Amino acid sequence: MTSQPAPKSSRPIDLDDEVVDSNDVGDPKKIGKYEILRKLGQGGMGAVYLARDAALRREVALKVLPKDKAENPILVRRFQAEAQAAAKLRHDNIVAVFDSDTADGFCYIAMEFVDGKDLHEMVSRRGPIPVRRSIEIIKQVAMALQHAYEHQIVHRDIKPSNLLIRRDGVV
């Protein structure tokens, strides 16, 4: 789960306002110290890859702003604001941010890789989730949102495809 700072203007900033063509990033092989292993998904601000941090020898989820979007200072500021806001949060139900920088013409955010499935995929494959499990998922999401709120951060894009469920059941 990634976050953004609570908006100060009357119109909240939505990090997913910009639609990105899935070919904009061009699936790089390496970005800075990160070796790209495979594409995990595509979102409004770019692609997310499974990558290997060469220095720390661990897998990360690398959210990448495409090169053409990285030329837009407004989008770069929004992307950086997302990373800075999310990096302030430490919670079991919120993806940790490890790093954010620019390398090889790409802006990126390196985050904890969640080995599991998103809720949308889970429901699509298995059908409706039992009530007891649904309540447990909702509780975990609510605790994460409460934590973000306590740090003046509003997520603004809570949806099943943004809820990652690890193999051990933690959302």
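Any chance you could run the full-extension gain for S124 through R58? It's 0.36 nm times the residue separation minus the Cα-Cα distance, nm to one decimal. Don't jump to the answer; show the numbers that get you there.
On the way: separation 66, 0.36 × 66 = 23.76 nm, distance 3.01 nm.
Contour length minus Cα-Cα distance gives 20.8 nm.
Amide H neighbours of L163 under 5 Å, counting only residues 5+ apart in sequence or on other chains, H built in-plane at 1.01 Å?
Those qualifying (amide H under 5 Å, at least 5 residues apart or on another chain) are L119, H120.
Using all alpha carbons of region 42-115, what is the percent of pairwise distances in each 5 Å bin, ordered from the shortest bin to the longest?
Reading the bins upward from 0: 3, 16, 27, 26, 18, 7, 2.
With no solvent and one equal point scatterer per Cα, compute the Debye intensity ratio I(q)/I(0) for region 83-124 at 0.20, 0.25 Å⁻¹ and report its log10, rounded to two decimals.
-0.74, -0.89
Between K39 and R77, what FRET efficiency comes out of the Förster formula 1/(1 + (r/R0)^6) with R0 = 35 Å and r the beta carbon distance, rounded to 0.05? It would help to have the intermediate numbers written out before the result.
Working: r = 25 Å, r/R0 = 0.72.
Computed FRET efficiency for R77 and K39: 0.85.
How large is ³J(HN,Hα) for each residue in region 122-133, as worked out from phi by the Karplus curve 6.51 cos²θ - 1.76 cosθ + 1.60 (θ = phi - 60°), to whole Hz, x for Gly and Pro?
4, 5, 4, 7, 9, x, x, 8, x, 4, 4, 5
Based on the alpha carbons, how large is the Rg to Rh ratio for region 51-171 when Rh follows Kirkwood?
Dividing the radius of gyration by the Kirkwood radius yields 1.00.
We did not get these values from a lab; they are worked out from the coordinates using the rules stated. These numbers were taken from a predicted model, which means no experiment stands behind them. Counting neighbours? That spans all protein chains shown, and the Cβs are built from the backbone with ideal geometry, glycine included.
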